[in-house]
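The values are calculated or read from the model by the stated rules, or taken from the named source; none is laboratory data. Since this is a predicted model, take the numbers as computed values, not measurements. Methodologically, a virtual Cβ is constructed for each residue, glycine included, from the backbone with ideal geometry; neighbour enumeration extends over all protein chains shown. Keep in mind that these areas ignore ligands, DNA and RNA; they rest on the heavy atoms of the full protein, side chains included. Shrake-Rupley method; radii C 1.70, N 1.55, O 1.52, S 1.80 Å.
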Amino acid sequence: MAPRRLALFAYILQLLALSSSHPNTKVCKAQPGTKAWPSEAKWESLDKTLSGQLIKTVPPGAVCHPSQPSYDAAACPAVQEGWKLAKWHTENPVSVILDNAVNDTCLPDPKYPCSGEGYPIYVVNATTAEHVKRGVDFARQNKVRLVVKGTGHDYMGRSAAPNSLSIWTHNIKGLEFFEVNKFTLKHCRVPIDKHVITVGAGTQMLEVDEQASLRNLTVVGGGAGSVGIGGYLTGGGHSAISLTFGLAADQVVEMEVVTASGNIVTANACQNEDLFWAMRGGGGSTFGVIVSATIKAYPSFKFATVSAMLGASVSSSDAYYDALTTVFEESPDLADLGISAYFFGAANVSAADYGLPIPGMINGFIGSFMLPLIDAANTSDSLLTAVNAIVAKAIKGAEGQFLTSVTNETFDDFWAWYKDHNGPLNAGFDGILGSRLLDRKALTGNRTALREALIVAPGKGTLLGHLVSGKGVHNAKIPGGSNAVNPAWRSAYVHTVVSSEWDPLDAAERAKQLDLNTNVYTEALRKIAPDTGAYINEADLYEPNFQKTFWGANYPRLWLIKKILDPLDVFWCSPCVGNEGWEVVDDALCKTW
Ligand SMILES: Cc1cc2nc3c(=O)[nH]c(=O)nc-3n(C[C@H](O)[C@H](O)[C@H](O)COP(=O)(O)OP(=O)(O)OC[C@H]3O[C@@H](n4cnc5c(N)ncnc54)[C@H](O)[C@@H]3O)c2cc1C
């Protein structure tokens, strides 16, 4: 049957299944306290089939609340301390880095209420593909909302949901290394002519990078060592070396996946091709659960870095924004030299906080520039020369107004740098991101507009520029020919990110910040790059027209694959492919018709 007709057929089946079970009532996923919710006996039976791996959720912050059964005054301080670090949340079955992703329902602070209502009700602590399958089957058969959590690092809030069953993949471990030509894809004949590594779904970047480096290999890995492969590979995955080698999703040659129908399948360029295409960039917890992924690895190389810092008194704001604009403007040319960078701009901050010997408040810029020393033309000197030239250009005519520092260091391999530059990173706050992928036109086409955007977009917060795309991403050699990564990445250079925060449970301030984030800060970036898009993993949760922004021209194919592979919407999240037609009302996930 042609794919479109198959999708229509699947949709009709879905309508029949849902309407026959709920005549004349709103169609929702099962809610606790209703007849639709599985009985205790059913949950017990699931636990038995999982050999005791089903966990009944205890909100992690409850140890700090005297009203809660798990109250433990002695344990509370450690939870409060860990809560502020992204890494801590990876070790808990339900905890996530953003407090607002669980509706602030049980913060580790007795001055706030604790109900735990933002969290899943049960968690499958999966260690095998079979565990994942049983969780997916149970959710599908009982119409229970299903979520997937690896580390809980998601800025889009997709790894937790109220009244749900969660599959926690953190404990699906495993790292297997294959030499060049020693790994053959299932159902393909030709072995892969690269080193590859098969990583379990619970593997985090730091583990992969360290083990790879011990074998003189390097992988495309994320900025934070505690980011997990599940969300990273399904979102796209940028890296300090993606500009050279392509995005993380471009490195995947094969995946083992549990589908919405509960099948454990291998997806690669020779079988389950649509699933394989969609799982690499189409977003987390939408098409299936990754059990393992096999990714390319590259022989290690020396890694040159330069740190550049510019600080100017707030009275020199004009000069500061001129300098910032110049750095962004020069980014495409830097990328063409193979140089990647992380930019950090902060206006009106205390000089003392940045260790600068300037009294009072400053505007500051920190840039970490990086160059893998692979080509003969690329040397630590060539990197230093390029950065010095940019700094000189950025402050030209205003040299006296800036304090500058440029230092360089070259590392034996990527790991030698990464092991000390991967966090720890903040967690345990209420916040939201906004972002845009900026191409050459946005960066160099209109200096006045770019400068205005760089002033408006960060609001009172910081501006992050990730110069992580260039030749390696634009011309990536992608297994199977292509993947579902937002096509905007293929012409972008800088992934620019802004953020906003508010105090817990302050509804008015939350509404104000969400509005500013979407309609002022992110809008300023959209204006200079109306034709590009944004990176699904680090973006505005309320991005208008998210389908186009996160997936561009890939969206229609992704939608079709979703409808064919998951006609019952076993996986549902927001903002995710094919999630139209459902809404969350009072913590219940219901059909909108
Ligand atoms: C401190 C920090 C630094 C970051 N740095 C970078 C960076 O340098 N580059 C970059 O590209 N991104 C970066 N990110 C963003 C990162 O890519 C996303 O947060 C990503 O979603 C994390 O994936 P996870 O599996 O660790 O998180 P989770 O919150 O566990 O999962 C994220 C999403 O993936 C789904 N998911 C998780 N596991 C699976 C699985 N096995 N199968 C299917 N779906 C799954 C979840 O349901 C959710 O939708 C960073 C994030 C943080 C917090």
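Right, T294: open to solvent by less than 10 Å² (accessible area, probe 1.4 Å), touching a residue at least 60 places away in the same chain (Cβ under 8 Å), in a strand (DSSP E or B) and away from the ligand (no atom under 12 Å from the Cβ) or not?
yes
Which members of the range 54-95 meet the condition of being open to solvent by less than 50 Å² (accessible area, probe 1.4 Å), within 16 Å of the ligand (Cβ to nearest atom) and in a loop (DSSP other than H, G, I, E, B)?
Correct list: T57, N92, P93, V94, S95.
Condition first: in contact with a helix residue (DSSP H, G or I) (Cβ under 8 Å, 6 or more places away or on another chain) and open to solvent by less than 60 Å² (accessible area, probe 1.4 Å). Now tell me which residues in the range 96-114 satisfy that.
V96, I97, N100, C106, L107, P108, D109, C114
For the range 353-368, which residues satisfy the criterion of being modelled with pLDDT of 85 or more and farther than 20 Å from S469 by Cα?
G360, M361, I362, N363, G364, F365
So, L371, is that one open to solvent by less than 20 Å² (accessible area, probe 1.4 Å), of a type outside the set (S, T, N, Q), part of a strand (DSSP E or B) and at pLDDT 95 or above or not?
yes
Does T592 qualify as being at pLDDT below 95, closer than 25 Å to A160 by Cα and either out of contact with any Pro (no Cβ under 7 Å at 6 or more places or on another chain) or surrounded by 18 or more Cβ atoms within 10 Å (Cβ to Cβ) (or both)?
Yes; evaluated as a whole, the condition is true for this residue.
Consider only pairs whose beta carbons are under 6 Å apart and that are at least six residues apart or on different chains; among these, list those whose first residue lies in the range 336-365 and is open to solvent by 20 Å² or more (accessible area, probe 1.4 Å) and whose second residue is assigned to a strand (DSSP E or B) and polar (S, T, N, Q).
Y342/S368; A347/N363; M361/N348
Could we say that G202 is open to solvent by 10 Å² or more (accessible area, probe 1.4 Å), out of contact with any Leu (no Cβ under 7 Å at 6 or more places or on another chain) and modelled with pLDDT of 95 or more here?
no
Among D506, D566, D540, which is acidic (D, E) and more than 16 Å from the ligand (Cβ to nearest atom)?
The unique qualifying residue is D506.
If you take the residues in the range 513-537 that are of a type outside the set (S, T, Y) and within 16 Å of the ligand (Cβ to nearest atom), which one is most open to solvent (accessible area, probe 1.4 Å)?
Per the criteria, the residue is N537.
Given the structure, is K441 under 27 Å from the mean Cα position of the chain (by Cα) and at pLDDT below 95?
For K441, the condition - under 27 Å from the mean Cα position of the chain (by Cα) and at pLDDT below 95 - is not met.
Is at least one residue of the range 403-416 within 30 Å of H89 (Cβ to Cβ), touching a residue at least 60 places away in the same chain (Cβ under 8 Å) and hydroxyl-bearing (S, T, Y)?
No - not one qualifying residue is present in the range 403-416.
Within the range 124-135, which residues are away from the ligand (no atom under 11 Å from the Cβ) and surrounded by 24 or more Cβ atoms within 10 Å (Cβ to Cβ)?
V124, H131, G135
Here are some conditions: (1) modelled with pLDDT of 95 or more; (2) surrounded by fewer than 21 Cβ atoms within 10 Å (Cβ to Cβ); (3) assigned to a loop (DSSP other than H, G, I, E, B); (4) away from the ligand (no atom under 13 Å from the Cβ). E117 meets all but one. Which one does it not meet?
With (1) modelled with pLDDT of 95 or more; (2) surrounded by fewer than 21 Cβ atoms within 10 Å (Cβ to Cβ); (3) assigned to a loop (DSSP other than H, G, I, E, B); (4) away from the ligand (no atom under 13 Å from the Cβ) applied to E117, the lone miss is (1).
Among the helices (runs of 4 or more DSSP H) lying completely within the range 419-514, list those that include at least 1 residues that are in contact (Cβ under 8 Å) with a residue 12 or more places away in the chain and closer than 30 Å to E254 by Cα.
471-474
Residues in the range 189-225 that are more than 11 Å from the ligand (Cβ to nearest atom) and among the small types (G, A, S): how many?
Final tally of qualifying residues: 2.
In the set S300, S307, S285, which member is touching a Cys at 6+ places or on another chain (Cβ under 6 Å) and open to solvent by 10 Å² or more (accessible area, probe 1.4 Å)?
None of the others qualify; the one that does is S285.
Give D439, D413 a once-over and let me know the one that is open to solvent by 10 Å² or more (accessible area, probe 1.4 Å), more than 16 Å from the ligand (Cβ to nearest atom) and under 27 Å from D154 (Cβ atoms).
D439
Checking the condition open to solvent by less than 20 Å² (accessible area, probe 1.4 Å), within 14 Å of the ligand (Cβ to nearest atom) and either touching a residue at least 60 places away in the same chain (Cβ under 8 Å) or not assigned by TED's automatic domain parsing to the domain that holds N475 (or both), which residue from G228, G174, G262 passes?
G228
Among the residues of the range 459-473, is there at least one that is more than 30 Å from D322 (Cβ to Cβ) and of a type outside the set (K, R)?
yes
Any chance you could count how many residues in the range 150-168 are open to solvent by 10 Å² or more (accessible area, probe 1.4 Å) and within 7 Å of the ligand (Cβ to nearest atom)?
Qualifying residue count, the range 150-168: 7.
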